[in-house]
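See structure below.
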Amino acid sequence: MIRFSFSSLRVRLLLLVLIANLPALGLMLYSALEQRQAAAVEVQETALRLARLASSDQGRLIAGARQLLIVLAELSEVQRGSPQCNGLFSKLLQQYPLYANLGVAARNGDIFCSALPQSRVFSAADRSWFQRAIQTKDFAIGDYQIGRITGKPTVNFGYPILDDRGRIKAVVFSALDLAWLNHLAAEAQLPEGSTFTVTDQNGVILAHYPESERWVGKSLPASSALEAMLTQRVGVAEAASLEGVPSLFGFTPFVGSKEGGDVYVSIGIPKEAAFAEVNRMLARNLFGLGLVSLLALVVAWVGSDLFVLRRIDALLRAIKRLATGDLTARAGPSYGEGELGILSQTFDEMAGSLQAYTTQLEYQATHDALTGLPNGALLGDHLRQAVRHGERERKPQALLVIDLDRFKEINNTLGHSQGDVILREVGRRIRDMLRKSDTVARVVGDKYAALLPETGIEGAVVIAKKILKGLETPFSIEGLALDVEASIGIVVYPDHGEEADLLIQRGDVAMYQAKEAPNGYAVYASERDQHSPRRLTLMGELRHAIETGQMTLYYQPKLSLQTRRISGVEALVRWRHPERGVIPPAEFIVPAERTGLIRPLTLWVIQAALLQCRSWRKEGIEFPVSVNLSARNLFDPQLPDQVGNLLRTHGVPACGIEMEITESAIMADPARAMEILSRLRAMGIALSIDDFGTGYSSLGYLKKLRVDELKIDKSFVGDMVSDENDAMIVRSIIDLGHNLGLKVVAEGVEDEETWNRLAHLGCDTIQGYYISRPIPAEELIRWLRETAPKKGWGIGKPATIKEMS
Ligand code: C2E
Ligand code: CA
Ligand code: CA
């Protein structure tokens with residue numbers, strides 16, 4: 001979900017909509033402002049209009065006043081200056097309601113006649129109308145002022161009364177009541193709350209509408225409005241009214257009031273009233289705009305959801321899923337038009353190719369390119385899953401480690417491309433023999449593995465046999481039928497380990513155990529595990545054992561069938577462990593090869609054999625001692641020189657020693673083996689090919705190596721009496737050896753019948769428990785002196801060896 005924050009797209013869209021409304025709002029406010037200004041102008045115009053109206057009214061009034069005063073001046077009571085005129089004037093006043101008073105002032109200014117009664121005799125001597133009338137001897141208009149008799153704001157008019165000689169006798173006057181302004185104001189139909197004020201140039205209020213009585217005579221408070229009025233004369237101003245209501249004022253001088261100082265008329269209209277219409281319109285417009293904006297917001301909200309956000313949301317969700325590693329995340333399937341559509345589609349295409357690419361990489365990372373089978377990594381994964389499953393369901397899980405025997409030799413003999421053909425074919429065969437739910441993997445090189453879910457030891461053994469059987473059918477390579485054998489190590493969860501890594505390691509151990517097993521498979525046996533902690537400490541001790549003389553040699557005699565003499569012995573190493581007793585070579589030769597300790601060990605064996613050889617020679621026993629070389633020794637270019645040095649140091653001729661090398665050790669790297677062996681051979685040391693028949697040696701190498709002897713592997717010899725196949729092989733090897741001019745030795749002779757068969761086949765030499773087990777040197781001497789003679793066996797070559805008594 002997208003959170004509602006300022007930075008969210010939706011909020012931004014809504015803001016845009018609001019911003020789009022701003023010009024309308026601006027326009028509205030601007031026009032409202034203009035309308036206010038127009039309203040203000042209108043107020044001013046109203047004021048001017050009223051002032052002018054008042055002005056023109058005043059004109060009429062002045063004319064009327066003049067007429068009245070001329071008539072009054074002619075009255076006899078007035079001419080006589082009789083004080084009885086009071087009664088007459090008050091009667092007249094009732095007929096002229098516009099006037100506040102009528103009266104006559106004497107030449108000295110004393111008012112002796114007045115329509116309104118006087119509390120005392122007032123003087124008009126200082127009044128402008130009076131002075132002007134005296135000066136001009138004509139009709140005169142006074143200033144607006146508060147009447148002394150009436151107490152009302154009035155404009156007085158004066159008219160002189162002349163005697164016969166044209167001298168002024170008195171001045172008749174009328175006081176025009178400014179209350180007429182009220183009528184004017186009423187007629188003007190000003191908005192409610194409006195005021196109408198007449199002031200003189202000092203700001204004294206001469207007339208005020210409404211509530212005239214309350215204000216007349218008072219001064220306007222000093223304000224900016226008053227100042228504006230006095231300086232500008234015509235204009236508008238904003239100020240509080242006398243009642244304190246914020247108002248707009250329009251002002252103008254009264255027409256015809258110029259003589260003797262200005263009189264201003266000002267119209268005050270409450271702002272509220274003046275702007276009422278404008279405000280109402282603004283409010284209506286704002287409300288309308290608000291409504292439209294709200295509508296636009298709703299539309300934008302819904303629309304953005306429908307047209308933009310929903311798709312962006314989908315895209316965003318897909319991107320987030322992709323970012324967390326979900327490569328199936330897509331924004332589609334529907335994209336729609338426009339940029340968003342293109343964006344979503346492009347994203348999906350990108351995610352698609354990323355997924356395809358990753359799938360391919362994953363496949364490559366988890367599969368073997370040659371066979372297309374899962375590789376070791378994927379097998380490890382599946383095994384871990386199987387272990388977890390086994391834990392949950394309490395079911396066993398089996399792992400078979402399948403290793404081809406002597407595949408290196410096939411590779412070296414036939415070439416790598418043919419080797420690859422076989423590896424592919426082996427993978428295919430194993431795969432075809434197993435169920436879909438089983439994992440068949442090529443781990444490395446010629447090593448395969450099969451994971452069998454929910455399978456116990458017995459089931460695994462059945463499958464292992466089935467695989468071995470399936471591989472028995474020869475492989476056809478360029479018309480050749482080739483036998484490929486395999487060894488299968490079996491481990492089962494939880495019997496042999498409860499963790500995948502341990503099972504894999506023990507599977508390897510079981511596979512090596514299988515290499516030594518007669519039937520080609522082996523279930524993991526901890527007591528034979530070279531990697532078990534016991535074995536590891538053993539390896540740690542081996543170097544020390546070599547240096548401190550824990551190693552010893554046993555010797556096994558070889559008998560020449562033709563001469564019935566002991567023609568030599570094979571030296572076989574033993575480890576006399578101080579705590580564990582005698583340890584057979586099967587337990588430490590392979591680990592010694594892996595750790596490199598085989599080099600000092602071999603040198604020790606050669607040296608010990610030479611020492612023994614020399615001591616026997618001293619006693620007149622002259623037969624060669626055979627020592628075994630391991631494959632690793634054949635990679636050691638220093639070996640021939642070291643052997644040469646040892647021969648010289650111990651004064652033993654090269655014919656005193658022979659060397660046995662297994663067929664597979666040579667074929668693992670024929671070129672290098674050739675080099676080392678040729679140098680040994682050149683020194684005069686006889687070479688024997690051990691375990692012959694189990695490997696794939698080529699005749700070409702046999703010839704080039706100029707070996708002296710073939711040793712038929714004991715696996716053929718042991719069964720040759722019962723197994724015709726083995727007998728055939730033994731016979732072939734004997735013939736082959738003889739054809740090549742080599743001597744042939746059969747090892748593993750355990751009974752007389754085998755002896756006879758071998759003798760019949762023309763075998764040169766035999767070796768085996770039937771003659772003697774490997775025994776220590778001291779025992780061998782006794783055996784040579786006592787046992788052998790009893791059986792009729794001599795020692796050494798008859799011509800060169802002294803007979804023992
Ligand atoms: P190998 O070279 O084939 O030695 C012959 C093995 O067969 C010896 O086992 C011997 O005791 C056994 N043997 C002899 N006669 C018979 C028989 O009639 N029947 C049966 N079943 N077995 C018989 P060992 O001494 O345990 O040696 C095993 C292997 O250890 C040897 O096989 C050899 O490959 C290796 N080895 C022994 N000593 C050395 C050594 O000093 N250096 C190296 N590099 N390898 C050695
Ligand atoms: Ca041997
Ligand atoms: Ca052998």
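With R₀ fixed at 41 Å, the C-beta to C-beta distance from ARG317 to ARG284 puts the FRET efficiency at about 0.35. Note on surface exposure: TYR99, TYR696 rank TYR696, TYR99 by accessible area, highest first, 1.4 Å probe. In the chain, helices alone account for a calculated mean residue ellipticity at 222 nm of -15500 deg cm²/dmol, with every DSSP H run of four or more residues adding -39,500 (n - 2.57).
First compute the accessible area of region 311-375 with a 1.4 Å probe, then give the percent of it belonging to carbon and sulfur atoms.
Working: 2510 of 4080 Å².
C and S fraction of accessible area: 61 percent.
When all protein chains stay in place and ligands, DNA and RNA are ignored, the 1.4 Å accessible-area order of TYR521, TYR357, largest first, is TYR357, TYR521.
Ignoring ligands, DNA and RNA, please state the percent of accessible area on region 452-504 from carbon and sulfur, probe 1.4 Å. Mind showing how you got there, number by number?
Working: 1360 of 2630 Å².
Solvent-exposed carbon and sulfur of region 452-504 make up 52 percent of the total.
Between ASP483 and ASN756, the contour length at 0.36 nm per residue exceeds the alpha carbon distance by 95.3 nm. List the aspartates and glutamates whose alpha-carbon lies under 19 Å from that of LYS137, not counting same-chain residues fewer than 8 positions away? Counting by Cα, and skipping residues close in sequence, LYS137 has these aspartates and glutamates nearby: GLU74, ASP110, ASP126, ASP163, ASP164, GLU259. With a ≥ b ≥ c taken as the square roots of the eigenvalues of the C-alpha gyration tensor of the chain, please select rounded if a/c is under 1.5 and otherwise prolate if a/b is larger than b/c or oblate if it is not? Prolate shape, in that a/c is at least 1.5 and a/b is the bigger ratio.
Taking the 0 to 90 degree range and rounding to the nearest ten, how far is the long axis of helix 670-682 tilted relative to the main principal axis of the chain, both from C-alpha atoms? So the helix axis and the longest Cα principal axis differ by about 40 degrees. Computed from the C-beta positions of GLU277 and GLN385 and an R0 of 60 Å, the FRET efficiency is 0.10 to the nearest 0.05. Listed by chain and number, the lysines placed with their C-alpha closer than 22 angstrom to that of LYS91 are LYS152; residues fewer than eight positions away on the same chain are left out. Can you give me the C-alpha center-to-center distance between region 431-498 and region 133-211, rounded to a whole angstrom? Here the two parts' Cα centres lie 136 Å apart. The residues of the chain have, on average, 50 Å² of accessible surface per residue, using a 1.4 Å probe with all protein chains present.
Taking a probe of 1.4 angstrom, what is the accessible area of SER567 in Å², to the nearest 10? So the heavy atoms of SER567 present about 40 Å² to solvent. Exposure check, 1.4 Å probe, all protein chains in place: VAL440 carries approximately 0 Å² of accessible surface. Cross-link pairs exceeding 30 Å in C-alpha to C-alpha distance, out of LYS466/LYS714; LYS436/LYS515; LYS466/LYS703; LYS743/LYS791; LYS515/LYS791, comprise LYS466/LYS703; LYS515/LYS791. Between the beta carbons of TYR30 and SER219, assuming R0 = 35 Å, the FRET efficiency works out to 0.30 to the nearest 0.05. Each residue of region 721-735 is assigned a 3J(HN,Hα), and the resulting list reads 6, 8, 10, 4, 4, 4, 4, 4, 5, 4, 4, 4, 5, 4, 5 Hz, derived from the Karplus form 6.51 cos²θ - 1.76 cosθ + 1.60 (θ = phi - 60°), x at Gly and Pro.
In the context of the full protein assembly, TRP301 retains an accessible surface of approximately 110 Å², using a probe radius of 1.4 Å and ignoring ligands and nucleic acids.
In terms of its C-alpha gyration tensor, region 6-101 comes out prolate, because a/c is 1.5 or above and the ratio a/b outweighs b/c.
Accessible area ranking (1.4 Å probe, heavy atoms, ligands and nucleic acids excluded), largest first, for ILE146, ILE657: ILE146, ILE657. How many angstrom lie between the C-alpha centres of region 576-598 and region 700-753? After rounding, the separation between the Cα centres reads 29 Å. By the Cβ rule of 4.7 Å, the chain holds the following cysteines without a possible disulfide partner: CYS613, CYS655, CYS763. With the cut-off at under 13 Å, measuring from each backbone N in region 424-459 to a point 7 Å along the Cα-to-Cβ line of ALA517 picks out 457-459. Taking a ≥ b ≥ c as the square roots of the Cα gyration tensor eigenvalues, region 358-463 comes out oblate, since a/c reaches at least 1.5 and a/b does not exceed b/c.
DSSP finds beta bridges in the chain, and of those with both partners inside it, around 75 percent are antiparallel. Seen against the Cα atoms of the chain and their longest principal axis, helix 500-516 is set at about 20 degrees.
With the cut-off at under 11 Å, measuring from each backbone N in region 385-413 to a point 7 Å along the Cα-to-Cβ line of PHE635 picks out no residue.
Report, for region 376-486, the % of DSSP beta bridges that are antiparallel, rounded to 5.
Working: 15 of 15 bridges.
Once the DSSP bridges in region 376-486 are tallied, antiparallel ones form about 100 percent.
The values are calculated or read from the model by the stated rules, or taken from the named source; none is laboratory data. Keep in mind that this is a model prediction, so the values were computed, not measured. Positions of Cβ are backbone-derived with ideal geometry, glycine not excepted, and every protein chain shown enters the neighbour counts. Keep in mind that these areas ignore ligands, DNA and RNA; they rest on the heavy atoms of the full protein, side chains included. Shrake-Rupley method; radii C 1.70, N 1.55, O 1.52, S 1.80 Å.
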